Amino acid sequence: MAKEAIQSRQERVFSKTYAVVFMFLLGLPLLSLPFFTDSERTSEKRTPVAFPSLSSDYGEFSRAFEAWFEDHFGFRAAMIRFYRQSRFELGLLDSMNNVVRGKEDWLYYSGGGGGDSVQAYAGANAFSENELGRLHLYFETWGAWLEGQGITFLVLVGPDKVSVYPEFLPNRIEKSPYGTRVEDFLVRMSESDFSIVFPIDELIEAKIGGSQLYYKLDTHWNAKGMFVAYDALAEKLPKSNRLSVNDVQFVGSDRLGGDLAEMLGVESDWGDPTYSVVLNRGNWAINEGDREVLGKTVDRFSIDDSTLPKALVFHDSFMEPMKNLLAGHFRETNFLADKPLDSALVLELQPDVVIVEFTERSLYTHLRKPLPIGEGGQ
């Protein structure tokens, strides 16, 4: 009898303990809310839902509160990371958050809309004749306007990673037999009076030579890929101080992660080769830092050589590792990031050369960019 009483008491203690632990675990996400920070939200690329206004009516507040709680409950970010990481390690995560996972863990950007480089490669978002005509008008109008100012115009289109490394795409994705939209664009622009540099052939040739030119886990080229593009662009520069591969050294190291791995919400335990560039001769241009010009922030480089021309460069993130090399060709180089061509800025800075750099997948954005002053734009 005493033994049964003891056993019954133990069962009650166990049941109560189990219930307490269960309720604690169930309420833990709520209890941890004060300790949750939005800094954990590194891969979703969006603004978290804000706490609803207390002045809202009951129905609206309850719905808004539910949306806020679903976006902020404790350990949410950790659980999402664990879910994605486990699926990635098991080979079950092949496409998510605008990222396609290819062979040997190469990642490719597949952002929705016109910027989807994978769809562009497969020909799923080709330009219409009307769109090609608008792009032709945009670049030809700018070329003519700059020529009228006595300014040389150059365009550098950075190939998407998918164009240089299609062999690592999933087998289900193949190149369009009708060509890609950047190829259609280059055909349309083939008789232009200014140069458009699209160094795809040079990059593929360098890749065959054994160098990895783009990061597996990132959208960007590394310093070796950048140098191939720089070399192709330098052929078109006036009074060229062109650097050859013998004039530089690539100092290698490994780096973990990348923008695509971050978007996918996973961490990798292998490194991508990355390089810094060291000059074997001469000196880099002096980086004078940022300055405000007409309300825009430009990054200025200079060289003490009055015989060299001046340049204004409109660019995206692919230009960042090229700045030092390109600035060596000009006595003054002003770089403006992530802004469209701006005629007022051109007239203010009076460059001899204007360079526009953008990635292949960003070509479509020029469909809605402004024309020069007096030409139907700005």
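Can you tell me which of Val162, Val157, Val118 is assigned by TED's automatic domain parsing to the domain that holds His315, closer than 23 Å to Ser343 by Cα and β-branched (Val, Ile, Thr)?
Of Val162, Val157, Val118, the one residue that is assigned by TED's automatic domain parsing to the domain that holds His315, closer than 23 Å to Ser343 by Cα and β-branched (Val, Ile, Thr) is Val157.
Across the stretch 294-315, which residue is nearest to Leu349 (Cα to Cα) among those that are crowded, with 16+ Cβ neighbours inside 10 Å and not aliphatic (A, V, I, L, M)?
Residue satisfying both the conditions and the ranking: Lys310.
Collect the residues in the stretch 341-355 that are aliphatic (A, V, I, L, M) and either buried (at least 19 other Cβ atoms within 10 Å of the Cβ) or touching a helix residue (DSSP H, G or I) at 6+ places or on another chain (Cβ under 8 Å) (or both), keeping them in residue-number order.
Leu341, Leu345, Val346, Leu349, Val353, Val354, Ile355
Condition check ((1) in contact with a Cys (Cβ under 9 Å, 6 or more places away or on another chain); (2) within 26 Å of Ala126 (Cα to Cα); (3) modelled with pLDDT of 95 or more; (4) not in a helix (DSSP H, G or I)) across all residues:
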position	(1), (2), (3), (4)
Thr333	no, no, yes, yes
Leu336	no, no, yes, yes
Leu345	no, no, yes, no
Pro351	no, no, yes, yes
Glu375	no, no, no, yes
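Within the bounds of the stretch 172-194, is there any residue that is surrounded by fewer than 21 Cβ atoms within 10 Å (Cβ to Cβ), over 30 Å from Pro238 (Cβ atoms), in contact with a helix residue (DSSP H, G or I) (Cβ under 7 Å, 6 or more places away or on another chain) and not charged (D, E, K, R)?
Yes, that holds for at least one residue.
So, of the residues in the stretch 184-243 that are more than 21 Å from Ser362 (Cα to Cα) and hydroxyl-bearing (Ser, Thr, Tyr), which turns out to be modelled with the highest pLDDT?
Ser211
Residue check, Tyr364 against (1) buried (at least 17 other Cβ atoms within 10 Å of the Cβ); (2) touching a strand residue (DSSP E or B) at 6+ places or on another chain (Cβ under 8 Å); (3) not in a strand (DSSP E or B), all met but one. Which one?
With respect to (1) buried (at least 17 other Cβ atoms within 10 Å of the Cβ); (2) touching a strand residue (DSSP E or B) at 6+ places or on another chain (Cβ under 8 Å); (3) not in a strand (DSSP E or B), Tyr364 is out only on (2).
Every residue, every condition in (1) crowded, with 19+ Cβ neighbours inside 10 Å; (2) at pLDDT below 90; (3) more than 23 Å from Pro340 (Cα to Cα); (4) not charged (D, E, K, R), yes or no:
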| site | (1), (2), (3), (4) |
| --- | --- |
| Met96 | no, yes, yes, yes |
| Leu107 | yes, no, yes, yes |
| Gly113 | no, yes, no, yes |
| Gly123 | no, no, yes, yes |
| Ser128 | no, no, no, yes |
| Glu131 | no, no, no, no |
| Glu140 | no, no, no, no |
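What helices (runs of 4 or more DSSP H) completely inside the stretch 91-176 contain at least 2 residues that are among the charged types (D, E, K, R) and closer than 30 Å to Pro309 by Cβ?
Hits in the stretch 91-176: 129-148.
Would you pick out the residues in the stretch 144-171 that are farther than 18 Å from Gly111 by Cα, under 27 Å from the mean Cα position of the chain (by Cα), crowded, with 19+ Cβ neighbours inside 10 Å and not β-branched (Val, Ile, Thr)?
Phe153, Leu154, Leu156
Quick one: in the stretch 284-318, which of the residues that are in a loop (DSSP other than H, G, I, E, B) and of a type in the set (A, V, I, L, M, F, W, C) is nearest to Glu332 (Cα to Cα)?
Ile303
Out of all the residues in the stretch 283-301, which are of a type in the set (Asp, Glu) and under 16 Å from Met319 (Cβ atoms)?
Listed by number, the residues that qualify are Asp290, Asp299.
Could you tell me which residue of the stretch 254-269 is surrounded by the fewest Cβ atoms within 10 Å (Cβ to Cβ), considering only residues that are among the charged types (D, E, K, R) and at pLDDT below 80?
Asp269
Among the residues that make up the stretch 278-293, is at least one of them at pLDDT below 95 and crowded, with 21+ Cβ neighbours inside 10 Å?
yes
The values are calculated or read from the model by the stated rules, or taken from the named source; none is laboratory data. Model, not experiment: these values are computed from the prediction. In this analysis, Cβ positions are derived from the backbone assuming ideal geometry, glycine residues included, and neighbour counts consider all displayed protein chains.
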